[in-house]
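Only the coordinates and a few stated rules stand behind these numbers; no lab work does. For clarity, every value in this text was computed on a predicted model and none was experimentally measured. So basically every Cβ, Gly included, is an ideal-geometry build from the backbone, and we count neighbours across all protein chains shown.
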Ligand code: NAD
């Protein structure tokens, strides 16, 4: 039997714990953690994602700060908004919604966010802190995967973990987080010639390739834990990078799409906002 990892339940648990801890933090310090979301342009999917994040922030008892810029905003316009939020002592975390309209240099803009407010964990500084194992804010999706593994009681220490994908957003920080928890980590990517040969030894297989149905039974060891980060919109709903039905009875545990990793990302964004508020306040470590 393959058990389905319930990301919705774990996300709810994380969110209620963050809400409780936020209330204690407010009571102890008088500071209400605040997340500033920055949305440039009118991409409908981005608008929905930002609205969901803002709602979750308010539900956690945090302050929702929002800045919207038009699609024709210049690099300097966006930089000025980020710099003002960076300098504002009442803002704990800053989230620049991606992708940005064509013509804007995302990497340069992201790097204007100070590490202490980098709730997406995407700045060069945060990546460096993660690589060093120093205190910092970690990218939400891979952190959400670690929370799921812990909630399921999956042993990470000493496990062979294989990560498919090496993006700055998911694959690379995922590998770092697993490594910090003493897994033996292999990273596969689009230039890996025989993917199945690399993934088959995995005790923990995390797939973040962005290729629908890439992973099937030929890639999976019996008893493995398989985490599907991929999200694809199809005519019949959402699907992932893993052919989930074909792994039934083979994998020990599997995250569904939807309802697996997806809900964890917002939960970890809230956790990061609280962590950022504590860090600024000097009560973080
Ligand atoms: P990306 O396109 O930036 O990176 C994909 C990575 O996969 C690359 O490193 C590439 O080398 C590798 N890859 C591509 N084809 C491959 C193949 N055939 N074999 C092996 N490796 C291959 O994508 P991303 O931003 O890392 O996102 C990956 C997926 O995760 C997407 O489907 C995205 O929508 C999803 N995602 C989900 C969440 C969530 O909250 N659940 C968050 C972020 C991304």
On Cα atoms only, tilt of 171-180 relative to the major axis of the chain in degrees:
80 degrees
For the pair residue 77 and residue 28, the simple spin-label estimate (label points 7 Å beyond Cα toward Cβ) gives in nm 4.2 nm
As an exercise, use a Förster radius of 25 Å and the Cβ-Cβ distance of residue 233 and residue 20 to find the FRET efficiency, rounded to the nearest 0.05.
0.15
Out of the DSSP beta bridges found with both residues in the chain, what percent are antiparallel (nearest 5)?
10 percent
Using the count of nearby Cβ atoms within 10 Å as a rough guide to exposure, how do 135, 49 rank from fewest to most?
135, 49
Express as a percent, rounded to the nearest 5, the fraction of DSSP beta bridges in the stretch 174-285 (both residues included) that run antiparallel.
30 percent
What helix-only [θ] at 222 nm does the chain give? Using -39500 (n - 2.57) per DSSP H run of at least 4, over all residues, to the nearest 500, the answer is -12500 deg cm²/dmol
Please order 53, 157, 9 by the number of other Cβ within 10 Å, starting at the fewest.
157, 9, 53
Fewest to most neighbouring Cβ within 10 Å: what's the order for 2, 234, 273?
234, 2, 273
Mind checking the angle between helix 262-281 and the chain's longest principal axis? C-alpha axes, 0 to 90 degrees, to the nearest 10.
40 degrees
Over the chain, what is the mean sequence separation of C-alpha contacts under 8 Å (at least six apart), divided by residue count, expressed as relative contact order in percent?
22 percent
Arrange the peptides 59-65, 100-106 so that the one whose residues have, on average, the most other Cβ atoms within 10 Å appears first.
59-65, 100-106
Under 8 Å for C-alpha pairs, at least 6 residues apart: give me the relative contact order for the stretch 75-185, rounded to a whole percent.
19 percent
Can you order the peptides 216-226, 259-269, 37-47, 70-80 by their average number of other Cβ atoms within 10 Å per residue, highest first?
259-269, 216-226, 37-47, 70-80
How high is the FRET efficiency from residue 102 to residue 68, r the C-beta distance, R0 25 Å, rounded to 0.05?
0.85
Measure nothing fancy, just the Cα-based angle from helix 140-151's long axis to the longest principal axis of the chain, in degrees from 0 to 90, nearest 10.
50 degrees
